[in-house]
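Working notes for the structure below.
The values are calculated or read from the model by the stated rules, or taken from the named source; none is laboratory data. Nothing here was measured: the structure is a model prediction, and the numbers come from that model. Methodologically, a virtual Cβ is constructed for each residue, glycine included, from the backbone with ideal geometry; neighbour enumeration extends over all protein chains shown. Surface areas here come from the heavy atoms of the whole protein model, side chains and all, with no ligands, DNA or RNA. Shrake-Rupley method; radii C 1.70, N 1.55, O 1.52, S 1.80 Å.
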Amino acid sequence: MRKMLNTLYVTTQGAYLHKEGETVVVQVDKENKLRLPVITLSSIVCFGNVLCSPFLLGHCAENDVAVSFMTEYGRFLARVQGPVSGNVLLRREQYRRADCDRSSAELARMFVLGKVANARTILQRGLRDHGAKAPAEGLDQACRQLAHYSKRLLQEDDLESIRGVEGRTARDYFDQFDSLIVTRKQDFVFSGRNRRPPRDRVNCLLSFVYALLYHDTRSALETVGLDPAVGFLHRDRPGRLSLALDLMEEFRPFLADRLVLSLINLGQVKNKGFEVTASGAVRMDDETRKTVLVAYQKRKQEEIEHPFLQEKIPVGMLVFAQAQLLSRYLRSDLDAYPPFLWR
Amino acid sequence: MMVLVSYDVSTLDRAGARRLRRVAKVCQNHGQRVQYSVFECLVDPAQWTQMRQQLIEIIDDEQDSLRFYFLGANWRKRVEHVGAKEAIDMEGPLIL
């Protein structure tokens, strides 16, 4: 397994990034704030008004450093990609399977299975940790419902019904999500997922963390030579990275949702760290955004034993490990794709 | 692994000043300057071999010297900083 390299997040407005030798230099107000060798980085994420010199972008493209641009609030805008690399045979196999309904269904089932199982673990943990405070019946009911769905998934081999199960899982899961928030109830209310723009603080946090995860998943897929745009569960749509969305499913509960929950429950994000615009959209301020980024990076550095590989790896490498397993499955080195199941 | 690189390059003539700049540049491309001629480099074994070779080729072994300290993967326990110019943690969250 390759070494986990760092990600540079630039949130300072008006920052200018350029290349000097083989280092990235971050300049703010004509003053060098940071100098980093490119070899220590796997990606750079720029938020809002951040400039990158063309030479730096070229150098990053050559060295497999993913550069993404987001709005100040974390909505994905653009990315810079170097020459297409990786194995053409692998990609062809990916397209072939994506064109075939049966093969797509087989993979889609695994992605959803991972998501359902991990979502259930979140609810179970909630039940165990603060079952006394939270309305336990609802949680318990939802847990059983999700267990039922995962059993049903094993019998489904039709893509549409798998998507149907996925939708129902998401509904049942998010119906219970509010009861997992145990502190600061009055500020952090969750009454269902909404986005573009998020209309409450919880959704604002979720959307932001999902965007970070999306960036990481896309880089992981590209590293192993898969095309992030051609998915199995999600249909092709211009501008959408369907395979990245597919692979994200199993990580949403484990990485993103849990992070958001602990940020709120441990009081790391505060009510006043958000602003509500006239249109009802909720945004986080610079301070909060930094807190979330730090928490996300810290989380990625924790080590965990991969249930399938039985190897200790940093959480941030999990998406890479899964992307690698996916490519092994597509190459027929594995009989089935093993989703990441969190214990 | 973490390698601490320190160097002493004679700058009595212009060739020496040139060597000094080139050594500094190679170090900068692989690590972080923590003091004037001291660099902390987080490198993998392949990168290290390459970097070491580059440095050895630049210096003049009659006049200059290089010292490498291998701090391994658990280097954090072995480093303590006192005073100004605290170094950034290259493995920690990089948010600016």
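Figures for the structure shown
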read-out	value
Strands (runs of 3 or more DSSP E) wholly inside the stretch A:14-54 containing at least 1 residues that are open to solvent by 30 Å² or more (accessible area, probe 1.4 Å)	A:15-20, A:23-28, A:31-37, A:50-52
Scan of the stretch A:37-75 for residues that are without any contact (Cβ under 8 Å) to a residue 40 or more places away in the chain and on the phi > 0 side of the Ramachandran plot, ordered by number	A:GLY48
Top-ranked residue of the stretch B:37-96 - restricted to ones that are within 16 Å of B:VAL26 (Cβ to Cβ) and among the hydroxyl-bearing types (Ser, Thr, Tyr), ranked as surrounded by the most Cβ atoms within 10 Å (Cβ to Cβ)	B:SER37
Set A:LEU107, A:LEU77, A:LEU90: member being open to solvent by less than 40 Å² (accessible area, probe 1.4 Å) and at pLDDT below 85	A:LEU90
Residue that is farthest from the other protein chains (Cβ to nearest Cβ), among those in the stretch A:3-13 that are open to solvent by 10 Å² or more (accessible area, probe 1.4 Å) and out of contact with any helix residue (DSSP H, G or I) (no Cβ under 7 Å at 6 or more places or on another chain)	A:GLN13
From the options A:SER161, A:SER104, residue that is small (Gly, Ala, Ser) and in contact (Cβ under 8 Å) with a residue 12 or more places away in the chain	A:SER104
Filter result for B:GLY31 (open to solvent by less than 90 Å² (accessible area, probe 1.4 Å) and within 14 Å of chain A (Cβ to nearest Cβ))	yes
Positions within the stretch A:126-153 being assigned to a helix (DSSP H, G or I) and in contact (Cβ under 8 Å) with a residue 24 or more places away in the chain, in sequence order	A:GLY126, A:HIS130, A:GLY138, A:LEU139, A:ALA142, A:GLN145, A:LEU146, A:ALA147, A:TYR149, A:SER150, A:LEU153
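Quick grid of which residues meet (1) under 22 Å from the mean Cα position of the chain (by Cα); (2) at pLDDT 80 or above; (3) small (Gly, Ala, Ser):
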site	(1), (2), (3)
A:ASN271	no, no, no
A:GLY280	no, no, yes
A:MET284	yes, yes, no
A:TYR296	yes, yes, no
A:ARG299	yes, yes, no
A:GLU303	yes, yes, no
A:HIS306	yes, yes, no
